[in-house]
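Undergrad: Have a look at this one before I ask anything.
The values are calculated or read from the model by the stated rules, or taken from the named source; none is laboratory data. In this text, all values refer to a predicted model and were calculated from it rather than measured experimentally. Please note: Cβ atoms are built from the backbone with ideal geometry, for glycine as well, and neighbour counts cover all protein chains shown.
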Amino acid sequence: MNKDQLVIFDTTLRDGEQSPGASMTKDEKVRIAKMLEKMHVDVIEAGFAIASEGDFAAVRAVATAVKDATVCSLSRALEADIRRAAEAIQPANSGRIHTFIATSPIHMQHKLNMRPEQVIEQAVKAVKLARNLCADVEFSCEDAGRSEMDFLCRIVEAAIAAGARTINIPDTVGYAIPELYAEQIRQLIERVPNSDQAIFSVHCHNDLGLAVANSLAAVQAGARQVECTINGLGERAGNASLEEIVMAVRTRPDVFSVTTGIDPVHLVPTSRLVSTITGFAVQPNKAIVGKNAFAHESGIHQDGVLKHRETYEIMKAEDVGWHTNAIVLGKHSGRNAFRSRLQDLGVEFATEQELNHAFMLFKQLADKKHDIYDEDLQALVSDSRAHE
Ligand code: KIV
Ligand code: ZN
């Protein structure tokens, strides 16, 4: 494993689907998986094979359709789950079993009703069985964000010794804070004696709006796999957003000493596909894939961008799959942007006076009308010329 490579593990089809109302059919999952493959996602978590017949069939269909990415199924640390996961991913060129058990005091006591020693025992048994069925096994400590450090170190060491090659430290309930979460990852890597035999992974939920920040802080502390979803879809407030993680790492190489294999030009089309299939609209101001992410309305910004794009743009819209950045004409727009848009429409002003008059009419219209279309501009210029 190259220490500079950040593995992108997409769980849109599993944790994303756990978002209430976001369930997908088998064929829809295959369509999304093919887009993820085209984008060069490293691992696609296709579902939770034991959850239902439909989920089993979907994992199997994705494992059959996808050739270049690893296809993974989730399973609890239970024999029946692990066997079902192994069966579902069997057609994959490269398959992974992802098994998990909760490690926080609150989950062990109230949900599992198990003692910590029993949890370690069950985790080891599960990882060993999974390793007998599949060479690539990931182990997750559910609710790691609220687990005790000494216990985490013990269970992680035992899971690696049992054969897990990826260790995931999920912030299941979105409770983590970047600095503290990074410290948790740093300490685990330092204190677990066999930590060099596994890739440390993070999986952050967005309950406090910190999923991306927490994931990125963990990468700086040594995590080399990030679990994320398209559009940040996921249980409750969602998971860390894939597009934000990928573009943060790419845009700030001065901060992150890692690269991903993702081809970002597929980010916007994939976001659209997931939104269309699930019926979950993408908020206009969503980073990277929202419709306003590269749109400029204020006159000062428009003028700056027309002079040099980098005045107000840290990424290129075309690089993430937009056709171009957008200069949106509205009441905050300046004369320069107005003239430039009309030039694009083939309209040249013979004199400054002609431009000023048309610009005045435009400002009057922008105060009354929310969206100004090219047809409005053309009509306005004709009016302006007729009255001169
Ligand atoms: O949030 C979580 O803890 C999970 C695990 C099952 C990985 O989704
Ligand atoms: Zn999750």
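Undergrad: Take the residues in region 174-196 that are within 16 Å of ligand 1 (Cβ to nearest atom) and not in a helix (DSSP H, G or I); name whichever of them is surrounded by the fewest Cβ atoms within 10 Å (Cβ to Cβ).
TA: The selected residue is 175.
Undergrad: Okay, next question. Condition first: within 15 Å of residue 236 (Cα to Cα) and either within 16 Å of the chain's Cα centre (by Cα) or aliphatic (A, V, I, L, M) (or both). Now tell me which residues in region 173-211 satisfy that.
TA: 173, 174, 203, 204, 205, 206, 207, 208, 209, 210, 211
Undergrad: What are the pairs, 6+ residues apart or on separate chains, where a residue within region 126-152 that is closer than 17 Å to residue 225 by Cα has its Cβ under 8 Å from a residue that is part of a helix (DSSP H, G or I) and within 11 Å of ligand 1 (Cβ to nearest atom)?
TA: Once the first residue is closer than 17 Å to residue 225 by Cα and sits in region 126-152, its partners that are part of a helix (DSSP H, G or I) and within 11 Å of ligand 1 (Cβ to nearest atom) give 142/107.
Undergrad: Only one of 305, 282 is of a type outside the set (Phe, Trp, Tyr) and modelled with pLDDT of 95 or more. Can you tell me which?
TA: After ruling out the rest, the residue left standing is 282.
Undergrad: Looking for whichever is modelled with pLDDT of 95 or more, of a type outside the set (D, E, K, R), away from ligand 1 (no atom under 13 Å from the Cβ) and over 30 Å from residue 280 (Cα atoms) here; the options are 221, 213. Which one fits?
TA: 221
Undergrad: Looking at 155, 89, 82, 106, which one is surrounded by fewer than 19 Cβ atoms within 10 Å (Cβ to Cβ), touching a residue at least 40 places away in the same chain (Cβ under 8 Å) and of a type outside the set (Asp, Glu)?
TA: 106
Undergrad: So, in region 135-166, exactly how many residues are within 14 Å of ligand 1 (Cβ to nearest atom) and farther than 19 Å from residue 118 by Cα?
TA: 4
Undergrad: Quick one: is residue 37 in contact (Cβ under 8 Å) with a residue 24 or more places away in the chain, more than 16 Å from ligand 1 (Cβ to nearest atom) and within 18 Å of residue 94 (Cβ to Cβ)?
TA: Yes; evaluated as a whole, the condition is true for this residue.
Undergrad: Take region 110-122 and flag every residue that is more than 13 Å from ligand 1 (Cβ to nearest atom) and either in contact (Cβ under 8 Å) with a residue 60 or more places away in the chain or in a helix (DSSP H, G or I) (or both).
TA: 110, 112, 116, 117, 118, 119, 120, 121, 122
Undergrad: Still on this structure, please answer the following. Go through (1) aromatic (Phe, Trp, Tyr); (2) over 22 Å from residue 232 (Cβ atoms); (3) surrounded by 17 or more Cβ atoms within 10 Å (Cβ to Cβ); (4) within 27 Å of the chain's Cα centre (by Cα) and name the single condition residue 338 misses.
TA: (4)
Undergrad: Let me ask something else. Kindly provide the set of residues from region 148-189 that are away from ligand 2 (no atom under 16 Å from the Cβ) and under 15 Å from residue 127 (Cα atoms), ordered by number.
TA: Correct list: 154, 155, 156, 157, 158, 159, 160, 161, 162, 163, 164, 165.
Undergrad: Let me ask something else. If I filter region 135-147 down to residues being touching a helix residue (DSSP H, G or I) at 6+ places or on another chain (Cβ under 8 Å) and under 12 Å from residue 202 (Cα atoms), which single residue comes out as nearest to ligand 2 (Cβ to nearest atom)?
TA: 142
Undergrad: Within region 50-64, does at least one residue satisfy the condition of being surrounded by 24 or more Cβ atoms within 10 Å (Cβ to Cβ) and among the charged types (D, E, K, R)?
TA: Yes.
Undergrad: Now for a different question. Out of all the residues in region 16-31, which are surrounded by fewer than 24 Cβ atoms within 10 Å (Cβ to Cβ) and modelled with pLDDT of 95 or more?
TA: Once the filter is applied, which keeps residues that are surrounded by fewer than 24 Cβ atoms within 10 Å (Cβ to Cβ) and modelled with pLDDT of 95 or more, region 16-31 yields 24, 25, 26, 27, 28, 30, 31.
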